[in-house]
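Working notes, structure below.
Derivation of every value follows stated rules applied to the coordinates shown; laboratory data play no part. All values reported here derive from a predicted model rather than from experimental measurement. Note that each Cβ is placed from the backbone with ideal geometry, even for glycine, and that neighbours are counted across all protein chains shown.
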Amino acid sequence: MTPTDEDLVVAFQSGDIPAFDQLVRRWDRKIQGVIYRIVGNHDEARDLSQEAFLKAYRALGTFKQEARFSSWLYQIAINATRDRLRRRRRRTDLSLDDVEERADNALRDAGPSALDLIESHDLSRVVAAAMAALPEEQREVVILKEYEGLTFPEIAETLDVPLSTVKTRLYRGLGQLRVRLERQGIHGGAAVPVPSA
Amino acid sequence: MDCDAIRDDMLDVLYGEGGEAAARRVETHQAACADCRRELADLRRLRGDLAHWRLPEGLGAPPAAAVRPRRLPVGLAAAAALVLGATAGLAFSGAEIRHDAAGFSVRVGRASETRALADLERRHREEVAALRAEIAAIRPTDDGRLLRTVADMIHQSETRQDEARLASLRVLRQRAETQRQYDLARMSAGLSYLDGKAGLQAARTTELVGHILQASQQK
């Protein structure tokens, strides 16, 4: 029978160091995926994922299983990502408007127009650009809910915020995404004719 | 119930959480509210769009260069590890966790030297790979040649370490000498200042004594 995360944590805490190897193999791709969706860079996602696992390795010995291992690990990864984004912001000193403008530019620079992408069944880049323009707090919640499939209580536990805050952030995030995708002529998976200016 | 109050229930329904009670509340509200009916339908379509965002291929896979090395006989593996360990010990610092096809590994030390260490490690990995290839080319029965090769590897490693240590010592000596000269210059400047102050005081005293003598003679 496959051991659960909790089994592996107990094994690690009892001195079975290779148990951590199994946890890493089990979670590496998911953690990299979450970080990638937040930072939008493959190398940075790999780097931050390593950083997160290093922190987890150091702290796992004293981890008390009051929280789920997955929530705890996501929390470490998201905190590491937040730190990195904060440092990056401090370096570039971007305003929210700058971020939005950059996302729009990224969309324009992505090559084919949004309509071309839709016609070629490739909405991926359009969605990625819309997501990049979301405020960080909303982006985290949307990603954990939409792509990681965490329940609302799990997200609240991971981000250490009340359940109502999770839902508020998600609702606002989805609202902004809807507006942005509609602005790109996307509505419900089909292109909506964009009125000429 | 107003639209704001039903919002949380609507999200529960959208993601299949909340159970039957929430579903009933949403259904009752939507029967009388066209806006919320439309909004839930829009959110469902939006979720369909969001599902198109794919992760790049290869995400989560180990780097292409990090492949599991072919297993060597214990003696050769130990020799290779000795070379790697001895040279890496020169500047072992920086903290990194690595998980690749070869498994999980942790490295501990100061972060400021991580890049230098990564370069060093990369060079050592290349050296070890070259040495492994060389060892693999040796016939298993040729123990004498094998031992000579291993001894040569260790000698080369020690030579590299010595050179690196000497270079570090040279830098340290240069820094110490610069600091010493700077300190001497400061001390000299301080003494000159004190000399100047003392000279001025002596001149004033002499002048005062002269005045006193002059005054006493006039009396």
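Sum up the charges of everything whose Cβ sits under 15 Å from the Cβ of A:V161, counting Lys and Arg as +1 and Asp and Glu as -1, but leave A:V161 out.
The answer is -1.
Kindly put B:H124, B:H211 in sequence by how many other C-beta atoms sit within 10 Å of each C-beta, fewest to most.
With the fewest neighbours first, B:H124, B:H211 line up as B:H211, B:H124.
Sorted from fewest to most neighbouring beta carbons within 10 Å, what does the list B:M153, A:M1, A:M131 look like?
A:M1, B:M153, A:M131
Would you compute, for the Cα atoms of region A:1-83, the largest minus smallest coordinate along each principal axis and list the three values in descending order, in whole Å?
Principal-axis extents of region A:1-83 (Cα, largest first): 36, 23, 18 Å.
Could you pull out every one of the lysines with an alpha carbon less than 18 Å from that of A:K55, ignoring same-chain neighbours closer than 8 positions?
In chain and number order, the partners are A:K30, A:K64.
So if I take the alpha carbon set of region B:1-49, get Rg, then get Rh from the Kirkwood formula, what is the Rg over Rh ratio?
0.94
May I ask for the distance between the Cα centers of region B:169-212 and region A:1-77, given as a whole number of Å?
62
Mean separation of Cα pairs under 8 Å and 6+ residues apart, divided by the residue count of region A:1-79: what relative contact order is that in percent?
It rounds to 32 percent for region A:1-79.
So how do A:166-173, A:17-24 stack up, highest first, on mean other-Cβ count within 10 Å?
Top of the packing list down: A:166-173, A:17-24.
Could you tally the net charge around B:A22, taking each other residue with its Cβ under 9 Å from the Cβ of B:A22, Lys/Arg +1 and Asp/Glu -1?
That sum, taken over residues with Cβ under 9 Å, equals -3.
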